[in-house]
Amino acid sequence: RCSAPMVGASELAFRLTVRTVGDIDLTWTSMIDADGYVKSESYRREINHFHTDDDCVAQLGGRDPETLIEAARLLARFDAVKAVELNCGCPQRCARKNRYGAFLLDEPDLLCSIISRIRSTLRNTETACAVKVRIYKDEPKRTLDLCRRLASPQCGAQIITVHGRSRDREPHADWDIIRQVKACLPQHVLLI
């Protein structure tokens, strides 16, 4: 069982509380700003409580490959961090402005290059390379093609978390496309 990431609610106290009320195997951090994590020691101190939270996924936001790779390397030092996940699901205004999160899906070549490089960085660690994606609105084939590409040996994503809504934030998830992605990549897809 997993506790999915929620903006403003996946901080350490929430993750620890959720573990006490349910049979939770894996939690997610809130999106960690990769640039801030790499550059700011005080920001890292706010985030780095992994010794008290077993088995979590550290979710990164950003678009600069070098910064994301360095943040992944720093996070992989913690035994509790079981995966580093690039967030390609955030549709918020800050993500639109800086072209990360769900807006990185508009640049699949850059996205795949970043995932490939993060995977290479994590290769000699016990930390998995993960990516969270939203679906392309009314384009199931495009969504499937991207997920296949991300899971390919050339990219190397070991976990793909599928958010069943497009960045337009429709009120209902598209469970059919989630089923299709799960069917074509059963060993990669995590449903949360």
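The values are calculated or read from the model by the stated rules, or taken from the named source; none is laboratory data. The structure displayed is predicted, hence computed values, not measured ones. Quick reminder, even Gly has a Cβ in these numbers, built from the backbone with ideal geometry, and neighbours come from all protein chains shown. In case anyone asks, the SASA skips ligands and DNA or RNA and just uses the protein heavy atoms, side chains included. Shrake-Rupley method; radii C 1.70, N 1.55, O 1.52, S 1.80 Å.
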I'm told Leu150 meets every condition in (1) open to solvent by less than 40 Å² (accessible area, probe 1.4 Å); (2) modelled with pLDDT under 95 except one. Can you identify the failing condition by its number?
(2)
I'd like to verify a number: residues in segment 47-71 that are part of a helix (DSSP H, G or I), open to solvent by 50 Å² or more (accessible area, probe 1.4 Å) and modelled with pLDDT of 85 or more, how many?
2
Answer residue from segment 84-101, given it is at pLDDT 95 or above and among the hydrophobic types (A, V, I, L, M, F, W, C) and is farthest from Glu126 (Cα to Cα) among those
Cys88
Which is open to solvent by less than 70 Å² (accessible area, probe 1.4 Å), at pLDDT 85 or above and basic (Lys, Arg), of Arg44, Arg15?
Arg44
Mind checking whether some residue in segment 78-95 is free of Cβ contacts under 8 Å to residues at least 12 places away in the same chain and closer than 22 Å to Ile32 by Cα?
yes
Search result, residues across segment 100-141 that are of a type in the set (Lys, Arg), more than 13 Å from Pro65 (Cα to Cα) and in contact (Cβ under 8 Å) with a residue 12 or more places away in the chain:
Lys132, Arg134, Lys137
